[in-house]
Amino acid sequence: MTTPAGPAADVAAVLAALLATRDMQAEHLARQVNCTASHLSHILHRHTRPSPALAARLDKALGSDGQVTAAQARTPAARLTPTRPRPARKPW
């Protein structure tokens with residue numbers, strides 16, 4: 001299987017590659033790991049990162065031998081799409 005390597009190998013790219021090689025739809029994977037399809041879509045579109053626990057569940061469901069959790073560790077903590085900044089939180 002070919003997956004991106006180095007710093008460019010973020011969790012979204014790894015997940016997309018794993019889904020493609022397994023011919024699996026994101027909605028099916030979301031059900032398997034007990035998260036919403038919307039949340040998984042946000043991860044795949046680089047709007048957010050999975051929690052360490054979710055990354056571990058994704059690893060297990062995809063049988064990826066740690067590829068997802070390794071990519072999670074390499075992915076920057078900052079928002080992954082700088083063109084759409086996060087809305088300001090209201091103080092209440």
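Where a number appears in this text, it was derived from the coordinates with a stated rule and is not lab data. In this text the structure is predicted, and so the values were computed from the model without any measurement. So basically every Cβ, Gly included, is an ideal-geometry build from the backbone, and we count neighbours across all protein chains shown.
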- Expressed in nm to one decimal, what extension gain is obtained for the pair Q25 and S51 from 0.36 nm per residue of sequence separation less their Cα-Cα distance? 7.3 nm
- Assuming R0 = 30 Å, what is the FRET efficiency of K60 and R89, from their Cβ-Cβ distance, to the nearest 0.05? 0.35
- Message: Let me make sure I get this right: for the range 6-74, a, b and c are the square roots of the gyration tensor eigenvalues over alpha carbons, sorted descending. Under 1.5 in a/c it's rounded, otherwise prolate if a/b > b/c, else oblate. Which is it?
- Response: rounded
- Could you work out the relative contact order of the range 6-74, using alpha carbon pairs under 8 angstrom and six or more residues apart, expressed as a whole percent? 41
